[in-house]
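J.: This is the structure, below, for whatever I ask next.
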Amino acid sequence: MLLEFSQPLEYTGLANWFDTTLGSWSLPVKLILVAVALLAAYAIIAMILIYVERKITAFFQARIGPNRVGKYGILQSVADVIKILLKEIIHINNVDKFLFFAAPFFMVVASMLTFGAIPFGKALQAVDFNIGVLYVTAVSSLGIIGVLLAGWSSNNKYSMIGAMRSGAQFVSYELSAGFALMTIVVLTGTMSFSEMIAKQEFCWNIFNGHISSIIAFVIYLISGHAETNRGPFDLPEAESELTAGYHTEYSGLQFGFFYLAEYLNMFIIASIATTVFLGGWMPIQIHGFDGFNQVMWYIPSYAWFFGKTGVLIFLSLWVRWSFPRLRIDQLLNLEWKYLLPINLVNILVMVILVIAGLTLTDLFPILAS
């Protein structure tokens, strides 16, 4: 569904070009082309994130970072991809071969299914579900199956410990992430990403729900960061304890799948936060300032989306390289004793705000799109 907005400069979506150019082609061919485009974007975004993280990490640690392969080391990620593709896959004895080889695909498929529902720009979305929030919450949860299968099938005690840690961590923080998203569902009255973005034309959700929305935003960022198993929540991959965790026994392309999914999950968490809390691809709009609004629409919608998402990814990396690793008891206490109770109270507060008509768009109808 393509939504129409009152912007002076209409952005022509890729979907319109796709239908016009390939209108006579069969549906299976179109679906294959969409899948290939998503896979290409999946790989390209992962390589960009790997390079960006290395450079930002180097900045925090007073280093230069990649600087040999290509200008400013920009081709280092491409070289690493080629290296992983050419590396030998080491065969491990006494493993459950079927589950061992299936585990990486669960990771990639789970992130790929979520990736397809993200609105990258106006009309630039593979699938627009009317239950988008429920869909991404459900399919993203499939990734933990791959982690548990990898740990159990490897026949390695360190891999198993890493998988169990990851399972406990993911299941715990998935609750807070889901409740944070449901807080905004209560605010907007919809689970559709496109409708959420439409309702944020003049007021983003992070401001519309007052302090309750801000609390939900912070909790979602913390929970999402924990779900990606990145520092300070990187206990499942603690090298000093588990020699890499649940993917210890993987090599070559199989390890590459885990590596790829990890970076895409970081992008997906930031993308969902951008869509639900920060207006998605919608540019900054101020009611009554038509000239300013027109200038903002000259910036493509996908540039707004990737700009907002990039800020959240930078914040995630900043947290990773600023805080020490948590102990397992600290990690679980943070979720079950603090984040989850706060989340439950926060949803109740949001319900009261909506019923009482105390949201910004209710108090100031001019902000409603």
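J.: How far, in nm, would the chain grow between Gln330 and Asn130 when pulled straight, counting 0.36 nm per residue and subtracting the alpha carbon separation?
T.: So the chain would gain 68.2 nm between Gln330 and Asn130.
J.: Set the Förster distance to 30 Å, then compute FRET efficiency between Lys337 and Ala79 from the Cβ-Cβ distance, nearest 0.05.
T.: After rounding, the FRET efficiency stands at 0.10.
J.: Which value, in Å² and to the nearest 10, is the accessible area of Val351 when all protein chains are kept and the probe is 1.4 Å?
T.: Ignoring ligands and nucleic acids, Val351 comes out at about 50 Å².
J.: Oh, and also: Determine, for each peptide in 134-144, 203-213, 270-280, the mean count of other beta carbons within 10 angstrom over its residues, then list the peptides with the highest first. Kindly include the intermediate steps, with their values, before the conclusion.
T.: Working: 134-144: 19.0, 203-213: 21.5, 270-280: 26.6.
Averaged packing, sorted descending, gives the order 270-280, 203-213, 134-144.
J.: Taking the Cα centre of the stretch 59-128 as the origin, how large is its charge dipole in debye, to the nearest 20, when only Lys and Arg (+1) and Asp and Glu (-1) carry charge on their Cβ atoms?
T.: 360 debye
J.: Have a look at Met47, Ser194, Pro28 and report the one farthest towards the positive end of the charge dipole of the chain, computed about the Cα centre with Cβ charges (Lys/Arg +1, Asp/Glu -1).
T.: Met47
J.: Can I ask one more? With all protein chains present and a 1.4 Å probe, how do Asp329, Asp80, Asp290 order by accessible area, largest first?
T.: So the residues, ranked largest to smallest area, are Asp290, Asp329, Asp80.
J.: Another one. How many nm is it between the label spots at Ala43 and Ala58, if each spot is 7 Å from the Cα in line with the beta carbon?
T.: 2.5 nm
J.: If you take the charge dipole of the chain about its Cα centre, with +1 on Lys and Arg Cβ and -1 on Asp and Glu Cβ, which of Leu142, Ala62, Trp204 is farthest toward its positive end?
T.: Farthest along the dipole direction, towards plus: Ala62.
J.: For the chain, just the Cα atoms, rotate onto the principal axes and tell me the three extents in Å, largest first.
T.: 66, 54, 45
J.: At 0.36 nm per residue, and after removing the present C-alpha to C-alpha distance, how many nm does the segment from Lys30 to Phe323 gain when stretched out fully? Could you put the intermediate results ahead of the total?
T.: On the way: separation 293, 0.36 × 293 = 105.48 nm, distance 4.61 nm.
Between Lys30 and Phe323, full extension yields an extra 100.9 nm.
J.: Using the Cα centre of the chain as origin and beta-carbon charges of +1 (Lys, Arg) and -1 (Asp, Glu), tell me which of Val81, Phe233, Leu99 is placed farthest towards the positive end of the dipole.
T.: Val81
J.: Please report, as a whole percent, how much of the solvent-accessible surface of the chain comes from carbon and sulfur atoms (probe radius 1.4 Å).
T.: Whole-percent figure for carbon plus sulfur exposure: 72.
J.: Shifting gears a bit: If I stretch the segment between Asn93 and Val69 completely, what's the gain in nm (0.36 nm per residue apart, minus their alpha carbon distance), one decimal? The partial results should precede the final answer.
T.: Details: separation 24, 0.36 × 24 = 8.64 nm, distance 3.67 nm.
That works out to 5.0 nm of additional length.
J.: Further question on the same structure: Suppose R0 equals 25 Å. What FRET efficiency, 1/(1 + (r/R0)^6) with r the Cβ-Cβ distance, do Ile284 and Leu175 give to the nearest 0.05?
T.: My answer for the efficiency is 0.15.
J.: Probe of 1.4 angstrom, ligands and nucleic acids ignored: what's the accessible area per residue over the chain, in square angstrom?
T.: On a per-residue basis, the chain sits at 48 Å².
J.: Please report, in debye to the nearest 20, how large the charge dipole of the chain is about its Cα centre when each Lys and Arg carries +1 at its beta carbon and each Asp and Glu carries -1 there.
T.: The dipole magnitude comes to about 840 debye.
J.: Can you give the relative contact order of the chain as a percent, counting alpha carbon pairs under 8 Å and 6+ residues apart? Could you put the intermediate results ahead of the total?
T.: Details: 535 pairs, mean separation 82.9, N = 369.
Dividing the mean separation by the residue count of the chain yields 22 percent.
J.: Which of the lysines could be linked to Lys157 by a straight reach, that is with a Cα gap under 30 Å, when you skip same-chain ones fewer than 8 residues away?
T.: Lys83, Lys87, Lys97, Lys337
J.: Quick check for me: using +1 on Lys/Arg Cβ and -1 on Asp/Glu Cβ, what's the dipole size of the stretch 107-263 about its Cα centre, in debye to the nearest 20?
T.: 180 debye
The values are calculated or read from the model by the stated rules, or taken from the named source; none is laboratory data. It should be emphasised that the depicted structure is a prediction, and the values quoted were computed from it without experimental measurement. In this analysis, Cβ positions are derived from the backbone assuming ideal geometry, glycine residues included, and neighbour counts consider all displayed protein chains. Each accessible area value is taken on the protein alone, full model and side chains, heavy atoms only, with ligands, DNA and RNA left out. Shrake-Rupley method; radii C 1.70, N 1.55, O 1.52, S 1.80 Å.
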